[in-house]
Amino acid sequence: MANRPANAGAHSAGPQQGTQQGLAAAPPPVHHQDYPRSRRAAAAQASKPASAIVAWLPYLIVLAGAAVGLLVAFQGSQHAGRGAALVGAALLVAALARLALPPRYAGLLVSRSKAQDVAGFAVFGAAVLVAAASLP
């Protein structure tokens with residue numbers, strides 16, 4: 001690009017092949033995937049299936065368990081072990097939920113393959129439980 005003159009633009013090489021007078025054809029209009037094209041499509045999109053709502057439930061349970069564990073741990077140093085144990089237990093519950101539920105019901109607990117998700121949650125949960133056992 002350093003050898004090109006400053007005024008050399010896209011049309012300096014001459015007319016494009018397959019177009020008239022060197023102008024490229026306008027691209028077709030793009031519609032957003034989630035934008036409904038009609039009222040019927042908007043109504044169908046507004047009513048979510050029950051599986052989409054249920055898919056949030058395991059994630060919310062694990063999130064609530066971890067949040068309660070953190071709140072308990074922040075109550076003071078004498079409660080740090082119990083709080084860390086609750087966080088570790090929440091991670092183990094996440095591993096069990098990911099193992100037992102199909103992907104459409106596991107919701108946000110799904111990030112990789114089932115084996116990797118279960119192993120990750122179980123290893124981190126066990127590690128936090130081991131750390132919690134060493135806390136007062």
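The values are calculated or read from the model by the stated rules, or taken from the named source; none is laboratory data. Since the model is a prediction, treat every value here as computed from it, not as a measurement. We place every Cβ from the backbone using ideal geometry, glycine too, and count neighbours over all the protein chains shown. Remember, those area values only see protein heavy atoms, side chains included, never the ligands or the DNA or RNA. Shrake-Rupley method; radii C 1.70, N 1.55, O 1.52, S 1.80 Å.
Values for this structure:
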{"item": "Residue within region 96-103 that is outside any helix (DSSP H, G or I), more than 19 Å from Ala64 (Cα to Cα) and open to solvent by less than 80 Å² (accessible area, probe 1.4 Å) present", "result": "yes"}
{"item": "Qualifying residue in region 107-123 (condition: at positive phi and either open to solvent by 20 Å² or more (accessible area, probe 1.4 Å) or touching a residue at least 60 places away in the same chain (Cβ under 8 Å) (or both))", "result": "yes"}
{"item": "Any hit, region 68-78, residues being exposed (fewer than 15 other Cβ atoms within 10 Å of the Cβ), outside any helix (DSSP H, G or I) and in contact (Cβ under 8 Å) with a residue 12 or more places away in the chain", "result": "no"}
{"item": "Set Pro36, Pro58: member being touching a helix residue (DSSP H, G or I) at 6+ places or on another chain (Cβ under 6 Å) and at pLDDT below 60", "result": "Pro36"}
